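Structure first, commentary second.
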Amino acid sequence: MQILCKAADVPEDEPLRVELPDGHAVAVYRWEGAFFCTDDMCSHGEASLAEGYVENGEIMCPYHMGSFCIRTGEARAAPCSVDIVAYDVVEQGDELVIDR
Ligand code: FES
C-alpha cells in the first residue's frame, strides 16, 4: 500500500498528478464524490493524463483527445486502443492509499 496524497488535495473533476517514491506517476481523480487513480502516462503517447480533463467518468488525453475510463483504465476513444492501469483507491483517515 502506498499513500498518494490527502483527499482534500484532489479537486473535483480536475486530475492531480502524483509521483510515487519509485518515480512512477499516477493521476488521481475525484469524480461524483469518489476517488479513482490510473497511470498518468497515456498509452498512445508521451502525454500526462493529469493535464487532461474528466468527462462522464473518462479522462480525456490533452494531446489527441483519446480517452480512458477512470474506474477501469479501459481505452474508450481513438486514437487510444491500449488500456492503462487503474488502481483501487482506499480512504484512510484524510489520506488516499493505493495498492501498488
Ligand atoms: S498521446 Fe494521448 S491520445 Fe495521443
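Starting with the highest mean, order 14-22, 65-73 by the number of other Cβ atoms within 10 Å, averaged over the residues of each peptide. Intermediate results must be reported in sequence, preceding the final value.
Details: 14-22: 14.3, 65-73: 20.0.
Packing proxy ranking, top to bottom: 65-73, 14-22.
Using label points projected 7 Å from each Cα along Cα→Cβ, tell me how many nm separate residue 19 and residue 94, to one decimal.
Distance between the two pseudo-spin positions: 2.5 nm.
As an exercise, take the mean of 1/r over every pair of distinct alpha carbons in the range 26-100, invert it, and state the Kirkwood radius in angstroms. If you can, show how the numbers build up before the last one.
Details: mean 1/r = 0.0821 Å⁻¹.
For the range 26-100, inverting the mean 1/r across all distinct Cα pairs yields 12.2 Å.
Among 49-62, 87-100, how do they line up by average Cβ neighbours within 10 Å per residue, starting with the highest?
On the way: 49-62: 18.6, 87-100: 14.4.
Averaged packing, sorted descending, gives the order 49-62, 87-100.
The numbers here are math on the coordinates, done by the rules we state, and not lab data. Quick caveat: nothing in here was measured; it's all calculated off a predicted structure. Because the Cβ atoms are built from the backbone with ideal geometry, glycine has one as well, and the counts that use them run over all protein chains shown.
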